[in-house]
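Asker: Starting off with a structure, shown below.
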Amino acid sequence: MSLFAEQNVIGALLTDPECLSRVYDRLRPEMFTDGIMGLAYVEFLRGYDNGYAVNLVVLNEKLMGSGYPRDIIGRELKECVTVMSVSAEIGSYADMVIAEYRSRELGKILQSVRPDAVGVNQQIGQLMQQLEALQEGGKAASKSLPDIVRENEGLYFCEKALDKLNLGFPKLDNLLGGLEGGDMIVIGARPAVGKSAFVTQVTSCLAKQGKRIGFYNLEMKEKQVYERFLAAQSGISLTRIRRAARFLGDEKERFLQANESLKKQGNIVITTGSKTVSEIRHESRHMGYDVIIIDYLQLLRPDVTYRGNRYAEVGAISKAVKALAMELNIPIIAISQLNRLSEGRENKEPNMAELREAGDIEQDASVIILMWNLSQENRSRKGCKVEKQRQGETGKVVLEFNGDLMRFEESEQSVKEAQKWADQEDDDCPFT
């Protein structure tokens, strides 16, 4: 009965995609038992959230990378259309899918109960909480400490079962220990230090790890974002990409190869233009992102106005971003501007109190990474420090930056050594 109901839901959506509004708030992808049906439903949700049409052709295309053979996907989707009676009945079939899901979950809950006279009152309370949450279509928000221990104790002192995300910089990743769901990672720097290029490189690295990234670039157009990815991928300078009238040497081959490689990176989803956190939440809730990157925090629009109080406005945005990371259980990397205070220091090294327009960012962030130019004459050498980390160490690394290729590499030098060289370079410059 469950498979028949699931096929009817998908068949109804293929016949009349508009009928999704009748079940959108009740029916969730995890309620489906059939893998292809669940994936198809996710694609309908994504289309609904992001304003694009989903049909049989689109579904076949989207499900190709899901691990199911093409012929099986095509056969199951066509069968959905064949068995479906009327799209108006989608509500009834959704009710059947939901009822089957609740029945399965109820069985799991009851099987997990081991009555104990010593803690029977707590057990009854916890059981009631789980049953009420199941009845309302959600999951219990609280768990006992022993339950949390049982869920997580096998993840330590072994080959890690936790799938943490790495930024692609060994020294920095060693400090961070990987990014986890619910983390808000803030990368702060003054203008023209290279923070946008840094997160572009991080995006490419995460994509190579097979992660799905929602990249919200709020200060550039799509073409400008593409040019940065192209420069990094091809090794052709950004200046030549933007200005050259013809290819030189092997540039054509590198240009074509880079574009072919970028065309295969469908796990990077780029959004440009002005956004609120609520809009990002709405667009990303069914996208299956492993990480969201926002460039940058101060360009997000508030959901409500604060009558000119910019500090309260940015503070509310910061809290909303952290809440979104917790809700989606993924890391969110957000760039932030810094104020001018560090410019008055001799070494220009910033601290997290200089995050622009909000002390709330300091409190909300799980990790704060700050970047600055070690030399005012040679802008290719950057200081990078983990200023705050709730679950690990802080420390500093030196990054070498090729601005034309939009690439960073870690240096073997310490920040102290690099700063000494930078001071000598600045002293030797006749214009300082």
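Asker: What about residue 108, is it over 30 Å from residue 377 (Cα atoms), at pLDDT below 75, basic (Lys, Arg) and open to solvent by 30 Å² or more (accessible area, probe 1.4 Å)?
Answerer: Details: over 30 Å from residue 377 (Cα atoms): yes; at pLDDT below 75: no; basic (Lys, Arg): yes; open to solvent by 30 Å² or more (accessible area, probe 1.4 Å): yes.
When the stated conditions are applied, residue 108 does not pass them.
Asker: If you take the residues in the range 75-100 that are in a helix (DSSP H, G or I) and modelled with pLDDT under 85, which one is least open to solvent (accessible area, probe 1.4 Å)? First the steps, then the outcome.
Answerer: Keep residues of the range 75-100 that are in a helix (DSSP H, G or I), which gives 75-83, 87-100.
So of that shortlist, the ones also modelled with pLDDT under 85 come out as 81-83, 87-89.
Working: 81: 67, 82: 112, 83: 46, 87: 25, 88: 67, 89: 75 Å².
The selected residue is 87.
Asker: Confirm whether residue 228 is surrounded by 16 or more Cβ atoms within 10 Å (Cβ to Cβ), without any contact (Cβ under 8 Å) to a residue 24 or more places away in the chain and under 26 Å from residue 401 (Cα atoms).
Answerer: Values: surrounded by 16 or more Cβ atoms within 10 Å (Cβ to Cβ): yes; without any contact (Cβ under 8 Å) to a residue 24 or more places away in the chain: no; under 26 Å from residue 401 (Cα atoms): yes.
Spelling it out, it is not the case that residue 228 is surrounded by 16 or more Cβ atoms within 10 Å (Cβ to Cβ), without any contact (Cβ under 8 Å) to a residue 24 or more places away in the chain and under 26 Å from residue 401 (Cα atoms).
Asker: Hey, can you tell me all the residues within the range 1-42 that are buried (at least 19 other Cβ atoms within 10 Å of the Cβ), part of a helix (DSSP H, G or I) and charged (D, E, K, R)?
Answerer: 6
Asker: Give the residue, chosen from 14, 20, 27, that is among the hydrophobic types (A, V, I, L, M, F, W, C), modelled with pLDDT of 85 or more and closer than 15 Å to residue 83 by Cα. Walk me through it before giving the result.
Answerer: Working: 20 fails: closer than 15 Å to residue 83 by Cα; 27 fails: closer than 15 Å to residue 83 by Cα.
Result of the check over 14, 20, 27: 14.
Asker: Name the pairs: first residue in the range 52-80 and free of Cβ contacts under 8 Å to residues at least 12 places away in the same chain, second residue open to solvent by less than 80 Å² (accessible area, probe 1.4 Å), Cβ to Cβ under 7 Å, at least 6 apart or on different chains?
Answerer: Matching pairs, first to second residue: 70/64.
Asker: Determine which single condition residue 61 fails, assuming it passes every other condition in (1) under 30 Å from residue 12 (Cα atoms); (2) touching a helix residue (DSSP H, G or I) at 6+ places or on another chain (Cβ under 9 Å); (3) at pLDDT 75 or above.
Answerer: Going through the list (1) under 30 Å from residue 12 (Cα atoms); (2) touching a helix residue (DSSP H, G or I) at 6+ places or on another chain (Cβ under 9 Å); (3) at pLDDT 75 or above, residue 61 breaks only (2).
Asker: Which number in (1) touching a residue at least 24 places away in the same chain (Cβ under 8 Å); (2) open to solvent by 60 Å² or more (accessible area, probe 1.4 Å) marks the one condition that residue 46 misses?
Answerer: Condition (2) is where residue 46 drops out.
Asker: Tally the residues that are open to solvent by 30 Å² or more (accessible area, probe 1.4 Å), farther than 20 Å from residue 178 by Cβ and not basic (Lys, Arg), restricting the search to the range 381-402.
Answerer: As a first pass, look at the range 381-402 and keep what is open to solvent by 30 Å² or more (accessible area, probe 1.4 Å): 381, 387-388, 390-394, 396, 400-402.
In the following step, the residues that additionally are farther than 20 Å from residue 178 by Cβ were identified as 381, 400-402.
Still in the running and not basic (Lys, Arg): 400-402.
Adding up the residues that qualify gives 3.
Asker: Still on this structure, I have one more. Which residue, of 271, 239, 305, is within 30 Å of residue 40 (Cβ to Cβ) and of a type outside the set (A, V, I, L, M, F, W, C)?
Answerer: Details: 239 fails: within 30 Å of residue 40 (Cβ to Cβ); 305 fails: within 30 Å of residue 40 (Cβ to Cβ).
Matching residue, one of 271, 239, 305: 271.
Here is a yes/no grid of residues against (1) surrounded by fewer than 14 Cβ atoms within 10 Å (Cβ to Cβ); (2) of a type in the set (Gly, Ala, Ser); (3) farther than 27 Å from residue 368 by Cβ:
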| site | (1), (2), (3) |
| --- | --- |
| 249 | yes, yes, yes |
| 260 | yes, no, yes |
| 265 | no, no, yes |
| 281 | no, no, no |
| 285 | no, no, no |
| 316 | no, yes, no |
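Asker: Report yes if residue 155 is open to solvent by less than 70 Å² (accessible area, probe 1.4 Å), within 30 Å of residue 123 (Cα to Cα), aliphatic (A, V, I, L, M) and modelled with pLDDT under 75, otherwise no. Give the derivation first.
Answerer: Details: open to solvent by less than 70 Å² (accessible area, probe 1.4 Å): yes; within 30 Å of residue 123 (Cα to Cα): yes; aliphatic (A, V, I, L, M): yes; modelled with pLDDT under 75: yes.
For residue 155, the condition - open to solvent by less than 70 Å² (accessible area, probe 1.4 Å), within 30 Å of residue 123 (Cα to Cα), aliphatic (A, V, I, L, M) and modelled with pLDDT under 75 - is met.
Asker: Let me ask you something else. Just to verify a result, which residue in the range 361-379, among those that are in contact with a helix residue (DSSP H, G or I) (Cβ under 7 Å, 6 or more places away or on another chain) and open to solvent by 40 Å² or more (accessible area, probe 1.4 Å), is nearest to residue 319 (Cα to Cα)?
Answerer: Result: 362.
Asker: Out of curiosity, is residue 41 at pLDDT 90 or above and under 22 Å from residue 65 (Cβ atoms)?
Answerer: Numbers: at pLDDT 90 or above: yes; under 22 Å from residue 65 (Cβ atoms): yes.
Taking the combined requirement at face value, the residue satisfies it.
Asker: Moving on to the next point. Within the range 201-221, can you find the residues that are closer than 30 Å to residue 378 by Cα and open to solvent by 10 Å² or more (accessible area, probe 1.4 Å)?
Answerer: 201, 204, 205, 218, 219, 220, 221
The values are calculated or read from the model by the stated rules, or taken from the named source; none is laboratory data. Being a predicted model, the structure only gives us computed values, none of them experimental. Ideal geometry is used to build each Cβ from the backbone, glycine not excepted, and the neighbour counts take in all protein chains shown. Keep in mind that these areas ignore ligands, DNA and RNA; they rest on the heavy atoms of the full protein, side chains included. Shrake-Rupley method; radii C 1.70, N 1.55, O 1.52, S 1.80 Å.
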